[in-house]
1. Each label point is 7 Å from the Cα along the Cα-to-Cβ direction; what then is the distance between the points at H142 and V318, in nm?
2. Taking a virtual spin label 7 Å from the Cα of E127 along the C-beta vector, which residues in segment 77-114 bring their backbone nitrogen under 15 Å of it?
3. Enumerate the amide H contacts of Y131 below 5 Å, restricted to partners 5 or more residues apart or on another chain; note that Pro and chain-start residues carry no placed amide H.
4. Among the aspartates and glutamates, which fall within straight-line cross-link reach of K34, defined as a Cα-Cα distance under 17 Å, with same-chain neighbours fewer than 8 residues apart omitted?
5. Can you quote the Å³ per residue value for the convex hull of the Cα atoms in segment 225-317, rounded to an integer?
6. Quick one: which residues, 5+ away or cross-chain, put their amide H under 5 Å from the amide H of L265? H built at 1.01 Å from N.
7. Cross-chain or 8 or more residues apart, Cα under 21 Å: how many lysine pairs in segment 209-320 fit that? Count them up, please.
8. Give the cross-link partners of K78 among the lysines, using a straight C-alpha distance below 18 Å as the criterion and excluding same-chain residues fewer than 8 apart.
Amino acid sequence: MASPLGVASPWSTLPFDIKPDVSVYPDGVAKDVKTDSAQAEIFVEFKWTHKDDPFCDIYSSKRPCCGQTHQSFLRNSKAALDSLGQITSYAAAHLGAQFRTHIFSVFIVRNKARLLRWDRSGTIMTEAFDYNQTSHLADFFHCYSKATPVVHEIDETVSVPTSQEARLARVALQLDDSVPLVRLSVPCGNPSQPSQLYYVVPTPEIALYTPPGRATRGFKAYDILHSKVVFLKDTWRINLPDIEPEGKTYRTLNAANVDHVPRCLASGDISTAEHHATKTSLYTTQAWARATHCPLKSHFIPHRHYRVVLDVVGHSLVKYSSSYEMVSAVRDAIIGEFL
């Protein structure tokens, strides 16, 4: 299966270097391709000594922050933490360069392997198993090769724009032919318009962040239906009952005619919760689960894939042309926030 649309990102310079030992690519990718997070399916990392293994047998320890005893399977040494940071950077680059709901990776130390599943809430990891004595590793790759694109973590709401859509978008967004484009769907929420609206954006630039979190990405987007440039925000909102989706807040402010607030053109949860909601938090209470977190300081927060489209495309505040422009922007933001 191809990575989303099977296109390489033009953003070849990453904010960090990644050199996984094995990169698994789908059919159709050039055989001489170098490490490319925008096209890879799975990264595999090998370590030859146990001191480099970030994972170990479960042990009990006391947290200095709260004094409570907790269970952990993370090895506390510099070499182990370096390895953990290394594979986390691979996951960050992988998720950041593509439109994926989650990803898988494989970590191997000599004859033992672990499978890892990463999403915006956390990571689920298997126990170590001997891949020479069991078929688990072969079974994983066999099942992965037979799975559907959705199970493959691919965001099915991302598609290829038509040639006409791409041509119009390049003119409106001032992009040349070297920048690959994708089409994103966003729920409209307006009964007088189609249920889904479509926007053309350039492929994402890899951002420097750890996989858990909202993973917010902003795009200058071309609105296909209305033939205009808008701002599209792709994010993983916190999925808790007392936190309202951003689009609902914008619509409430718009309905009240609050000044200096962008108008929400479209917003909503993407697709269904079956594949566009995080799963890590669902397994923390299972009998087999061992969570490496302090119950008083953190927990695994559920997230839901979400997009919102606004009618104002801003620019970085550090690019203001005068002190008056900067102060005016801050003033307008305060008015929109509190009045």
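Where a number appears in this text, it was derived from the coordinates with a stated rule and is not lab data. As the structure is a computational prediction, the values presented were derived from the model and not from experiment. With ideal geometry, Cβ positions are generated from the backbone for all residues, glycine too; neighbour counts draw on all protein chains shown.
1. Placing both labels 7 Å beyond Cα along the Cβ direction yields 5.3 nm.
2. From segment 77-114, the list is 112-114.
3. The list, which skips near neighbours in sequence, is A113.
4. D17, D21, E45
5. It is 166 Å³ per residue.
6. V309, L310, D311
7. Step by step, the pairs that qualify in segment 209-320 add up to 6.
8. K47, K51
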